[in-house]
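Below is one structure, written out as structure tokens; comments come after it.
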Amino acid sequence: MSKRNVKQRSAPSHSRTKRWLEWRPWAFGAILLLVLGTAVWFLKPALWPNSLAPAEGAANFVEVQADMSGLYPKVIQAKVGEPLTVRLVSLDNRFHIDGGGKHGFAIDELGVDLVAPPLGSVETTFTPTKPGEYEFYCDICCGGRANPSMQGKLIVEL
């Protein structure tokens, strides 16, 4: 065999590998920022649930937070004849199996029925006219009215 027919193989170029090694920390950092940013976006209501301001002009305001573990607070105080603004905040996302992340706040005797969207809020203002204890509950998911963690009391005093 002649030397003309034998192809000389050169050593492989490592320039591509070197370039990747130079960019790897930057790529890792960019991916890490993307993952952390996405996590904060989805966890924002859970991390900062009280970041929403009370309704304008509300004499009495309460924010009720709802997730699969229950409604909080469990007891709400109000006065007869004074408007009460209730903001219901759902802390569950739409991918939740039971209820799709929606939560409710209902008081049958007072005609209150709110449904908060996943990771969202809704509010209403009403004026209790009679003193007493009224049960509020979520009937969207989690066992509904029968589940003790998904209910509470509105105490209306003179």
For residue 120, residues with placed amide H under 5 Å, excluding near neighbours: 90
So how do 156, 35, 80 line up by other beta-carbon neighbours within 10 Å, fewest first? 35, 80, 156
Full extension from residue 146 to residue 36: what is 0.36 nm times the residue separation minus their Cα-Cα distance, to one decimal in nm? 35.8 nm
Neighbourhood net charge (12 Å Cβ-Cβ; Lys/Arg +1, Asp/Glu -1) for residue 135: -1
Over segment 60-157, volume per residue of the alpha carbon convex hull, in Å³: 72
Cα-centred dipole magnitude for segment 66-135, charges only on beta-carbon of K, R (+1) and D, E (-1), debye, nearest 20: 180
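Here, each number is a calculation from the coordinates, and none is a lab measurement. Quick caveat, the model's predicted, so the values are computed rather than measured. Note: ideal-geometry Cβ built from the backbone for every residue, glycine included; neighbour counts use all protein chains shown.
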